[in-house]
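Novice: Sharing a structure with you now.
The values are calculated or read from the model by the stated rules, or taken from the named source; none is laboratory data. Not measured: the values here are computed from a predicted model. Cβ: placed from backbone, ideal geometry, glycine included. Neighbour counts: every protein chain shown. Please note that ligands, DNA and RNA were not included when accessible areas were found on the heavy atoms of the full protein model with its side chains. Shrake-Rupley method; radii C 1.70, N 1.55, O 1.52, S 1.80 Å.
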Amino acid sequence: MARPEPVLHAIGNAHIDPVWLWRWPEGLETIRATFRSALDRMSEYPDFAFCGSSAAFYALLEEADPAMLAEIVERVREGRWEIVGGWWVQPDANIPCGESLVRQALYGQRWFQRAFGVMAAVGYNPDTFGHPSTLPQLLRGAGLTRYVFMRPGPHEKAIPSSVFRWRSPDGSEVMAARIARAYCSWGEDLREHVVLSHAERPGELAPYIVFYGVGNHGGGPTRANIDSLHALAAEPGIPPVRLSTLDAFFEEVDADIAAGAEAPVVTDDLQHHARGCYTAHSEVKRQNRRVEHLLMTAEKVAAAAWMELGRSYPRAEMEGAWRCLLFNQFHDILAGTSLPEAYEDARDAFGAAAATAGRVLHTALQGLTARIDTRGEGSALVLFNPLPWPVTAPVEIERGAASIADEEGRPVCAQAVQPTTIAGQRRSCFVAELPAMGYRIFREIPGMGAGAPSRSFSVSESGIENDWWTLRLDPETGGIASLLDRESGVEVLAGPAGVGIVLEDRSDTWSHAVASFRQEVGRFGGARVVVEEDGPVRACLRVQSAWGASTIEQRLFLYREVEVIECRVTVDWRERLRMLKLAFPLAIEEAEATWDVPYGCIARAATGEEQPGQQWLDVTGWARTETGERVRYGATLLNDGKYGSDVLGAEMRLSALRSPAYAHHDPNRLDPARGYAWIDQGAQTLTWRLVPHAGPWQAAAVARRAHELNVGPLWVNEYAHDGPLPARASFLEASPDNVVLTVCKPAEDGEAVIVRGYEAAGRQTEARLRLPRAGLEWRARFGAHQVRSWRVTPGADAVEVDLLERAATP
């Protein structure tokens, strides 16, 4: 039997950017006008269907125009208004952490279920600028078995078919479709749009899609659009086209496959589009990282307080805080491509989320510390580690330094360090060993002698040496000229590291059609070095350098008792149409580069192309010891808020900032006679750590080390009182170290907590998970790169759930 002629499913939609060249109130106006138009077209055309995503749009409509929302509810029940996406907004998908993408689905799907009685089955990110390889697992875990996207286009990413199975590293799959040509249409006659979309349909599979409807600033399908499609459907010689839905399209795809058609498998990430967006607007990206971790930390502490004390959890307030963050992850906000005024609104939303999370965090934390028996000599200082593994970390506190002891009364080596003011403030630093997601008491005891350091140390303006590293500075650039691993005898660096490189970057805000940033115009130099700290805990070299009117101040820290190599950077940037990168050339042969991505990692070729990444980037290969022995070796670069980087050979370059004009979009050209607002001007901060490692990166627990940079210990000055809690306790722990637990939160429904983590090294692992205070332990097998979640009832059991907190299917 001959196969039927391929059908083109015409998908009525309206691409709405709630923020771009306008602020969100105007975006709400657009949502209301567009949805009104779609409802009116349904009254006029009985076969017209409309698909809409982004729960945030409907939540805004619920507040502004509940009567219109009620109309949409009825159309959803009829099956003519198709709910797709299932996420809060269409976010950037490279910059949000894995848990943020989970929360896009958790709060989006739950909102749709409450308002419409349905959840989406089709993931929907047509305008998102790139899609990480880990996304299929996160989609399936949220009930999204299908995926529609448009970027990267055929000129940016070759794939074997426009409809394919997209498989993530853990083996999860979704059926994916790339939109042909565009997600919107402006002309009245859609003939050319339909014919060209037919030409791009997959060869093996009969059905395909054509998107129509006025977009970018909303609008949706017009009468002229619909009349044109009706006329084309009746015209001889035009392949069949019908008004349809994405569900209907994917059902036909499934039927074709059941009948024997083949759909190719794609296992890569879907990149690249607009590589400049990984770096544009440093502040929105820094705040995104900060608020993500603040929200997750608040949840962990609140979960511990609930398990231990039975304290209530402000679910509605915390969901509201997450919604603020998730809205700011909309791709044109987080990518740095909106107008300047939009970032005032983003700042306010980040602040609202942070204020809520901070209040929940610190009231829960002090609720716990109020129940600890803090009686004893001196005054109590409670340190809390929010990470679910033991941490040995430098801690800075607003307290004196000379008389700190642990809970057993043993003196702790501490050091007075520079406070942030000169108005009588005292600040000190010491290294603390802290239990997994737990606390430990330290004490300030007047008159007690200071603890003595146990390891050697030396510092001068030329460098620092401790038991692990011999670090030497380059006198001109102020970069690290040499870093000797004293244990292995490996020289880590092939040239000065941490040096600011200035690159010509005349591309637009998105950097359309740009693959790499390599046109160097200068390097920061004229270094001035000062020994800022030389004490029993750490040394600090303050290095100041300049290029043109711009300056960099780097504070480079090494410690006596821990291997941490840390640099805190302040950039005062005065350049336009240029980019700043920090270079780290490594003495590595046969280099292999690996990037951290949402809930996973990916290896990419070290060709110098700009790549998206998150908290860490690693280069591993082979190095030479002082005796000439060839050994497996590498180094990981950690950061606290940067997302763009490149690797060429064995040199890592972290993209620190870019300075295009706000929302400059090709083919528009800048007019020299006009004034513009320029991105990333003035003072900015970042912190990086370098983690050299013998052997492969998987053995160095780099994912945990990256979290330790981004999530430091908390501390509370507690007065003396009795209480049922001991001087030291742990609330959650997992082993081995390639299992990274990221979430411990009160469940959305009922009396339980949700525990979630992922396998970070690409190997199957038998994990042991414990809630020591709750007396609960369970074992779980993680597949390579797998994300798993449990609903845990203290004193009872742990039941696996999906990302929407529903019972997991086998």
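Novice: Give Lys157/Lys642; Lys642/Lys745; Lys581/Lys745; Lys157/Lys581 a once-over and call out the pairs whose C-alpha atoms are over 28 Å from each other. Could you put the intermediate results ahead of the total?
Specialist: Working: Lys157/Lys642 24 Å; Lys642/Lys745 26 Å; Lys581/Lys745 37 Å; Lys157/Lys581 26 Å.
Pairs exceeding 28 Å: Lys581/Lys745.
Novice: Of the accessible area of segment 310-433, with the probe set at 1.4 angstrom, what percent is carbon plus sulfur? Show your work: numbers first, answer last.
Specialist: Values: 2340 of 4680 Å².
For segment 310-433, the apolar C and S fraction of the accessible surface comes to 50 percent.
Novice: Sort 689-702, 457-470, 202-215 by packing, meaning the average of other beta carbons within 10 Å per residue, with the highest value first. It would help to have the intermediate numbers written out before the result.
Specialist: Values: 689-702: 19.7, 457-470: 17.6, 202-215: 22.4.
Sorting 689-702, 457-470, 202-215 by mean packing, highest first, produces 202-215, 689-702, 457-470.
Novice: What's the ranking of 370-378, 502-510, 252-260 by average number of surrounding C-beta atoms within 10 Å, highest first?
Specialist: 502-510, 370-378, 252-260
Novice: Rank-order 797-808, 129-140 by packing density, defined as the average count of other C-beta atoms within 10 Å over each peptide's residues, highest first.
Specialist: Working: 797-808: 16.9, 129-140: 25.4.
Answer by packing, highest mean first, reads 129-140, 797-808.
Novice: Taking the Cα centre of the chain as origin and charging only Cβ (+1 Lys, Arg; -1 Asp, Glu), how large is the dipole, in debye to the nearest 20? Present the calculation step by step, with values, prior to reporting the outcome.
Specialist: On the way: 82 positive and 106 negative charges, 198 e Å.
Taking the Cα centre of the chain as origin, the dipole is about 960 debye.
Novice: Given 0.36 nm per residue, what is the gain on full extension from Glu520 to Glu26 after removing their alpha carbon distance, in nm?
Specialist: On the way: separation 494, 0.36 × 494 = 177.84 nm, distance 4.06 nm.
Value of the extension gain: 173.8 nm.
Novice: When only DSSP loop residues count, what chymotrypsin sites (Phe, Trp or Tyr not before Pro) in segment 33-98 have their Cβ near at most 13 other Cβ atoms within 10 Å? List each step's numbers first, then the result.
Specialist: On the way: sites: Phe35, Phe48, Phe50, Phe57, Tyr58, Trp81, Trp87, Trp88; in loops: Phe48, Trp87, Trp88.
Within segment 33-98, no chymotrypsin sites (Phe, Trp or Tyr not before Pro) qualify (loop, at most 13 other Cβ atoms within 10 Å).
Novice: Output the Kirkwood hydrodynamic radius of the chain, Cα pairs only, in Å rounded to one decimal. Provide the component values of the computation, followed by the final result.
Specialist: Numbers: mean 1/r = 0.0355 Å⁻¹.
Value: 28.2 Å, from the Cα pair sum.
Novice: Accessible area of segment 640-799 with a 1.4 Å probe: how many percent of it is carbon plus sulfur?
Specialist: Details: 2820 of 5950 Å².
Percent of accessible area from carbon and sulfur atoms in segment 640-799: 47.
Novice: Still on this model: With every protein chain present, what is the per residue accessible area of segment 469-618 (1.4 Å probe, Å²)?
Specialist: Working: 5000 Å² over 150 residues.
Per residue, segment 469-618 has an accessible area of 33 Å².
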